[in-house]
1. Looking for whichever is under 30 Å from residue 19 (Cβ atoms) and modelled with pLDDT under 95 here; the options are 225, 217. Which one fits?
2. Restricting to the range 355-403, name every residue that is without any contact (Cβ under 8 Å) to a residue 60 or more places away in the chain and either crowded, with 18+ Cβ neighbours inside 10 Å or not small (Gly, Ala, Ser) (or both).
3. Can you confirm whether the range 39-53 contains a residue that is in contact with a Cys (Cβ under 9 Å, 6 or more places away or on another chain) and surrounded by 19 or more Cβ atoms within 10 Å (Cβ to Cβ)?
4. Please state which of the following conditions residue 306 fails to meet, knowing it meets all the rest: (1) of a type outside the set (S, T, N, Q); (2) modelled with pLDDT of 95 or more; (3) surrounded by fewer than 20 Cβ atoms within 10 Å (Cβ to Cβ); (4) in a helix (DSSP H, G or I).
5. Step by step: first the residues of the range 104-154, then only those that are farther than 25 Å from residue 250 by Cα, among the β-branched types (Val, Ile, Thr) and at pLDDT below 95, then the one that is farthest from the chain's Cα centre (by Cα). Which residue is that?
6. Check 94, 85, 127 and return the single one that is farther than 19 Å from residue 153 by Cα and in contact with a Ser or Thr (Cβ under 9 Å, 6 or more places away or on another chain).
7. Looking for whichever is in a strand (DSSP E or B), of a type in the set (D, E, K, R) and in contact (Cβ under 8 Å) with a residue 24 or more places away in the chain here; the options are 196, 182. Which one fits?
8. Residues in the range 377-385: is at least one outside the structural domain of residue 299 (by TED's automatic domain parsing), more than 30 Å from residue 180 (Cα to Cα) and in a helix (DSSP H, G or I)?
Amino acid sequence: MADIRPFRAIRPGEGLADKIAALPYDVYSRQGAKEEIKRAPLSFLRIDRPETSFPDDVDTYDDRVYVKAREILDSMIEKGEFIMEDRPLYYLYELTMDGRSQTGVVAVSSVKDYDNNVIKKHENTTEEKEIDRIRHVDACSAHTGPIFLGYRKNPVISVIVQGVKEAPPVYDFTSSDNVRHRVWTVSDDRDIAAIRGAFDGINDIYICDGHHRCASAVKVCKMRAEAHTQSNGDEEFNYFLSVLFPADELMILDYNRVVKDLNGLSESRFMDRIRKKFDVGTGEDRPFKPGKKHDFGLYISGKWYRLTAKDTILSGDPVDDLDVSLLQNELLSPVLNIEDPRTDKRIAFIGGIHGMEGLMEKVDSGEYVCAFSLYPTDINDLFAVADMGRLMPPKSTWFEPKLRSGLFIHRF
């Protein structure tokens, strides 16, 4: 059973949600974050990327940076730019992009559920990225970026969501990337009890996006528990900020690859090597966006080729037969010698939100020699891999739209 609780959110004051809400901290470079803050002076990036308050010669991970995050958060609360709810509530967060909507329940989730694999992960994390968020969360005594979780649709929750959304939202704005954001409070005690009871009956929750933020929240919890020897498990630090979406409303976009060189191969030799594992179509001018599993697009020298995995490389294993696995294990590694895509500087990853044009621009500029377009990973494949306790390859999923930070803060 999942322990998904209401909480006393710190959230933007009236009329400020659109000015504060920001894309996740890791979407921006340091300079990009600075430019966004110039455009939107109240942007939550001031707190999520506090190094932007310092000259560029101050290290991103300097102790003063994390102190500054806490100072800015406290200052915004004192000024009334953030307000704190007077009692624990759930919230609904709806995002609409290109005519498609998804609505999640904003709540706090139990660290114990993460440890016990009720909340399941599908990818590894790196220590370096964890350390930054651990220090940020610990300094602020707050979770500032929500973890994107998914669950199989529950009829009780669906009915309550539909009813609550009949009332006017507390926030309703469209961000600069044309995503509409609407938020409602779930304030009826019966609805709150029903939502909590419904999640009590759900045994499987899945991390869709935010593995590093989640792992960092868990480690801060354990640090706080060690410092509080009388901890009983109910303290706020035992829970982390989450938005939980029903799986049938989620869409995963393709997560494509671009590569800098052909590992010393001529183009003709490269294509010959590919043909050993894939059927290769005729080169065409029109972009090839795969329409089914085990089809890939290859863009090289101004032409698009359709690659289809041969039956001989399909094993029936749910992880090995993922398209991201096939591309890595049967082409990128053996042909291009890209063994670890997480660390190899010869490969980069382009989210499907940028389209086929984004891939072509990277190659046509001369920065990369070729690009691969992939069919999106299915949400049911993600659930199946997580249920088995397995992990997906790096950069397997790209979720859109992105949750905004700054709309909800969980303080502990």
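1. Among 225, 217, only 217 is under 30 Å from residue 19 (Cβ atoms) and modelled with pLDDT under 95.
2. Result: 361, single match.
3. Yes, the range 39-53 contains at least one residue that is in contact with a Cys (Cβ under 9 Å, 6 or more places away or on another chain) and surrounded by 19 or more Cβ atoms within 10 Å (Cβ to Cβ).
4. Of (1) of a type outside the set (S, T, N, Q); (2) modelled with pLDDT of 95 or more; (3) surrounded by fewer than 20 Cβ atoms within 10 Å (Cβ to Cβ); (4) in a helix (DSSP H, G or I), only one is false for residue 306: (4).
5. Result: 131.
6. Exactly one residue qualifies, and that residue is 85.
7. Criteria check complete, one pass: 182.
8. Yes, the conditions are met somewhere in the range 377-385.
The values are calculated or read from the model by the stated rules, or taken from the named source; none is laboratory data. Remember, predicted model here, so these are calculated numbers, not experimental data. Neighbour counts run over all protein chains shown; Cβ positions are idealised from the backbone, glycine included.
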